[in-house]
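Colleague: First, the structure itself, so that you have it in front of you.
The values are calculated or read from the model by the stated rules, or taken from the named source; none is laboratory data. Worth saying up front: this structure is predicted, and the values here are computed from it rather than measured. No Cβ is skipped: glycine too gets one built from the backbone with ideal geometry, and neighbour counts run over all protein chains shown.
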Amino acid sequence: MKNNTFSLLAIAVSAAFSSAACADINNIVISDSIEDPSHNKAIAISAIKSVSVTPCRDAAGISHKRIGEIQGSSYRSPLIADGKYISDAEYLVTGVVSAVTTELEKGFYLFDDDGITTTSNGIFVETDKPLDTTLIGQEICVRGFIAEDYGMTKVVATDGLWEVVNANAGKPAAIDLVKIPEDGNSFQATLERHEGMLVRLPADIVPEQKDDQTMRISRTFSFDYSGYRNNLVLAFERPNFQPNQHYVAGSKEAKQQAEDNNDRRLYVETDSKAANGVIPYYPDFGIDPQNNPLRINDAIVGLEGVLSYSYNNFRLITQNTITAENIIKHQPRQPIPTVNDKTEHHSFDIRVATLNVLNYFNSPFGGDANPQQSNRGADSQAEFERQQAKIVAAIHGLDADILGLMEIENNGYGSAGAISSLVNNVNLKYNREDSGDHAKDDHIDNRYAFIGIDANGDTVIDKLDTFGGDAITSGMLYRPARVSLEKVKQVLMPSQQAPVVADKNGDAVVDTKGKVRENGKNYQRDMLAASFIINNTGKRLTIGVNHLKSKGSTCWEDWQGWETWENFDPATGKVKDPDFQGSCENFRVAAADEIGKQMEKLGGDRVIVGDLNSYAHEDALLVLTDNPTAKTLKAARDTFIGEQPQFGAEGGVISRSYGYINAVEMMSKGKPYAGYSYSYNDEIGALDHILVSPSLKDRVLDATDWHINAAESTLFDYNQEHKGDNVDLLYSADAYRSSDHDPAILALAYRYNQVGEVPLQMLLDGSRLSVPYTLPATAQAGDIATIAISPTPENIAQITLPKVELQQSGAQTIMFDVNGLKAGKYTFTLSLTGSTTSKAVADNATQQLEVNVKHRDGVKADDDITPQNNNAGGTLGILGLLSLLGLSLFRRKH
């Protein structure tokens with residue numbers, strides 16, 4: 001491994017030499033000069049055609065080494081003694097300049113091909129003298145010490161000087177970055193063999209293998225806070241997955257994944273800091289960014305740069321430009337998610353989705369006040385309008401029938417609340433009212449209602465009701481044309497009331513500003529649980545929307561043992577994270593256990609959705625799904641559900657899992673890069689989940705993440721800062737980078753007229769009712785389908801009972817449009833007759849349905865709602881659609 005314990009920054013190498021052994025800078029013949037902003041003259045040495053700088057010819061007795069001899073075949077130069085980071089002797093080295101860097105690092109790169117493939121033929125020369133690119137292509141000689149500077153092998157030029165040997169040698173051609181057998185399984189070994197060289201990223205890094213061996217984008221072009229500059233990160237063969245996405249947290253497999261990620265990583269840098277909103281080496285992006293995005297899992301070929309090493313990572317400092325032809329799209333943008341929701345004629349699909357809307361706040365822009373006096377979202381009206389347009393586009397594209405929302409402002413359920421504002425703007429997408437194809441995405445039947453809670457108990461749901469005590473909350477939208485709300489429950493999640501983390505004197509540990517690092521008081525957001533009846537069935541479906549504690553801020557457990565951590569400064573240091581779960585995993589375990597218990601009480605078919613802030617095989621997910629390795633799962637100490645203690649001062653060991661099935665993971669098998677919803681640094685994984693109860697497994701048609709956010713650069717978001725002159729060019733009112741989390745979506749199959757936990761339910765559209773009739777394979781074209789109703793409605797004379805002539809033979813489903821029927825409980829008798837239909841066929845086709853005919857949910861969005869108590873211990877409230885027109889039954893158009 002690279003040695004990271006020593007820097008040459010404080011070494012004044014030139015002080016080690018006598019003036020007799022060095023060129024006298026005052027004797028240089030100056031052929032050009034430059035002026036800095038303070039008008040001081042500076043010598044432009046690299047532009048000199050004939051000078052008296054001769055550090056090599058004046059270096060009698062100093063050994064000359066080729067670059068390969070200096071680099072050697074390992075991670076350290078063989079010319080540096082063990083335990084040291086700079087050579088004991090000076091050396092001479094000659095090569096042709098392949099690149100000059102003046103900002104990211106100060107110096108130039110030499111190339112000398114010795115024909116040996118196991119050692120690098122390039123090396124970086126550090127100098128403090130003025131440089132420009134005219135030095136490229138000149139053969140020069142340098143005298144200096146060899147150093148390992150935080151793992152980067154370099155030559156530190158004595159007095160910063162060099163000697164031109166051949167001013168017209170010509171720029172070296174870039175060498176393809178390829179693996180050889182001697183590299184073994186280590187990509188770092190491949191990079192080390194090319195350290196200091198000008199390389200090109202080829203289309204196939206392992207020539208003897210036929211599969212794709214490219215460098216993939218693992219973190220899109222964005223601001224790197226560790227380096228405080230814009231860059232992107234590549235990984236060999238595939239994006240880097242977060243270690244706990246595929247493996248149990250803390251397992252040897254997860255640790256191996258982390259090591260593998262480190263091995264495959266390559267930063268792509270520019271010497272000068274990239275201007276805001278610009279990718280310097282990809283001009284096509286600046287011309288048309290919307291059609292030339294760089295996304296996670298894209299491969300880049302043909303990009304050239306010199307290989308440097310700093311801060312524990314290899315870095316490709318780019319030296320050419322590329323076009324869209326150099327980008328291989330492995331996961332191109334999808335305007336809508338690819339969901340296999342096709343069903344047989346007798347069935348239809350219901351879509352359930354989860355979407356983190358990344359702090360959608362409308363209170364500063366005409367919305368109701370935030371009770372916490374907080375705004376975590378847009379900074380201006382212009383930004384808010386851009387944010388809203390993107391979120392609306394994402395919701396419209398998802399086409400979900402039930403949608404869980406996270407990070408929406410918690411400013412009540414009034415007409416000026418954030419959730420009402422969002423629903424109203426989404427519903428503007430659906431404005432067609434004709435009686436044609438109701439499955440088309442612009443029909444009013446696709447409009448949404450949202451769920452409200454009477455939080456203050458005043459029997460009215462309005463702007464004074466909030467869900468939980470945070471500035472943000474979770475919410476739920478649904479389509480009354482597809483499902484009917486039965487009951488709602490606010491499920492309290494644990495809070496932690498542990499002791500403050502203190503030092504040996506009993507004083508609270510504080511940061512440099514005197515703020516307590518961990519006070520032991522931590523909170524989760526409550527779960528919103530709602531039970532629906534699937535229209536045209538008697539089946540109940542319960543959805544729980546969650547947003548668990550984040551990984552970023554600590555909990556009490558994260559600080560345990562800090563007194564023994566080597567070199568740990570409690571005022572500024574980061575707590576340890578040996579299993580890559582981030583902070584508060586024990587607190588999330590406590591929440592997961594409570595979710596499992598409360599959803600179990602609700603019973604039936606259940607789906608848990610939301611931003612669980614846990615990757616697929618972290619402890620909280622093991623509680624909710626299964627725990628195949630029997631890992632000990634520990635819940636946090638001093639947690640409470642309301643005022644009721646959950647586990648006590650010792651915490652708790654969770655001995656059971658609740659058996660939910662990770663639907664996206666199940667449907668992503670064989671699709672290695674499909675299941676992720678979040679990108680952090682250069683690792684991807686799923687924080688947003690759809691977990692289905694085992695009773696739903698056979699109903700799952702498909703489940704997937706829609707990669708509109710995590711794979712995209714932050715340059716495409718609604719924010720207007722840090723984008724330079726391209727702020728408008730980078731923005732589009734589409735779904736891409738509408739949030740930082742990808743939405744996930746699930747398609748479930750239901751049969752028409754399927755009985756279930758409640759009577760079969762059909763919904764009136766005004767006075768019109770659509771009744772499905774599923775016919776057997778023996779049905780013939782020309783047969784007549786009829787419907788009869790009992791008991792006979794009082795207004796039977798005003799009711800239209802249609803007869804439908806079959807237009808085709810075989811199994812099929814037709815719809816009766818019954819007009820004039822009032823809400824109530826009826827028996828429908830559906831029959832088939834015709835000249836070609838035998839009595840046996842007719843008898844087989846006859847169906848009797850016990851049906852509860854109801855009106856759709858929903859009222860105008862600006863009305864206050866009087867809720868009803870429900871049996872689940874919560875309150876029921878519906879805030880509704882702008883319009884309630886449209887049929888209650890349709891199949892999604894494919």
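Colleague: Considering each residue of region 254-306, count those that are assigned to a strand (DSSP E or B), within 24 Å of the chain's Cα centre (by Cα) and in contact (Cβ under 8 Å) with a residue 60 or more places away in the chain, and give that number.
Modeller: Filtering region 254-306 down to residues assigned to a strand (DSSP E or B) leaves 265-269, 299-300, 304-306.
This time we only want the ones that are within 24 Å of the chain's Cα centre (by Cα), so: 265-269, 299-300.
Pick out the ones that are also in contact (Cβ under 8 Å) with a residue 60 or more places away in the chain and you get 265-266, 269, 299-300.
Count: 5.
Colleague: For region 801-810, how many residues meet the condition of being of a type outside the set (K, R) and outside any loop (DSSP other than H, G, I, E, B)?
Modeller: To start, the set of residues in region 801-810 that are of a type outside the set (K, R) comprises 801-802, 804-810.
Next cut, outside any loop (DSSP other than H, G, I, E, B) only: 804-805.
Result for region 801-810: 2.
Colleague: Here is a list: A749, A744. Which entry is in contact with a strand residue (DSSP E or B) (Cβ under 7 Å, 6 or more places away or on another chain) and under 24 Å from Y680 (Cβ atoms)? Spell out the reasoning first.
Modeller: Values: A749 fails: under 24 Å from Y680 (Cβ atoms).
Only one candidate passes the filter, namely A744.
Colleague: Return the residue satisfying two criteria in turn: it lies in region 748-781 and is within 39 Å of the chain's Cα centre (by Cα) and among the charged types (D, E, K, R), and of such residues it is nearest to D605 (Cα to Cα).
Modeller: E757
Colleague: Residues that are surrounded by fewer than 22 Cβ atoms within 10 Å (Cβ to Cβ) and closer than 22 Å to D742 by Cα: does region 401-418 have at least one?
Modeller: no
Colleague: Can you confirm whether region 382-397 contains a residue that is assigned to a loop (DSSP other than H, G, I, E, B) and in contact (Cβ under 8 Å) with a residue 40 or more places away in the chain?
Modeller: No, region 382-397 has no match at all.
Colleague: If you take the residues of region 187-206 that are part of a helix (DSSP H, G or I) and in contact with a Phe, Trp or Tyr (Cβ under 9 Å, 6 or more places away or on another chain), which of them is surrounded by the fewest Cβ atoms within 10 Å (Cβ to Cβ)? If you could, list the steps in order and put the result at the bottom.
Modeller: In the first step, residues of region 187-206 are kept if they are part of a helix (DSSP H, G or I); the result is 187-193.
Within this subset, residues satisfying the condition of being in contact with a Phe, Trp or Tyr (Cβ under 9 Å, 6 or more places away or on another chain) are 187-192.
Values: F187: 23, Q188: 20, A189: 18, T190: 22, L191: 26, E192: 24.
Result: A189.
Colleague: What about T800, is it modelled with pLDDT under 95, touching a strand residue (DSSP E or B) at 6+ places or on another chain (Cβ under 7 Å) and surrounded by fewer than 14 Cβ atoms within 10 Å (Cβ to Cβ)? First the steps, then the outcome.
Modeller: Working: modelled with pLDDT under 95: yes; touching a strand residue (DSSP E or B) at 6+ places or on another chain (Cβ under 7 Å): yes; surrounded by fewer than 14 Cβ atoms within 10 Å (Cβ to Cβ): yes.
So T800 passes the test.
Colleague: Right, another one. For region 33-52, indicate whether the set of residues that are farther than 20 Å from L177 by Cβ, at pLDDT 90 or above and of a type outside the set (S, T, N, Q) is non-empty. If you could, list the steps in order and put the result at the bottom.
Modeller: The first filter runs over region 33-52 and keeps only residues farther than 20 Å from L177 by Cβ, leaving 33-52.
Restricting the remaining residues to those that are at pLDDT 90 or above gives none.
No, every residue in region 33-52 fails to be farther than 20 Å from L177 by Cβ, at pLDDT 90 or above and of a type outside the set (S, T, N, Q).
Colleague: With the requirement that a residue be on the phi > 0 side of the Ramachandran plot and either crowded, with 23+ Cβ neighbours inside 10 Å or modelled with pLDDT of 95 or more (or both), what does region 219-273 give you?
Modeller: Let us first name the residues in region 219-273 that are on the phi > 0 side of the Ramachandran plot, namely 228, 237, 250.
Once the filter is applied, which keeps residues that are on the phi > 0 side of the Ramachandran plot and either crowded, with 23+ Cβ neighbours inside 10 Å or modelled with pLDDT of 95 or more (or both), region 219-273 yields E237, G250.
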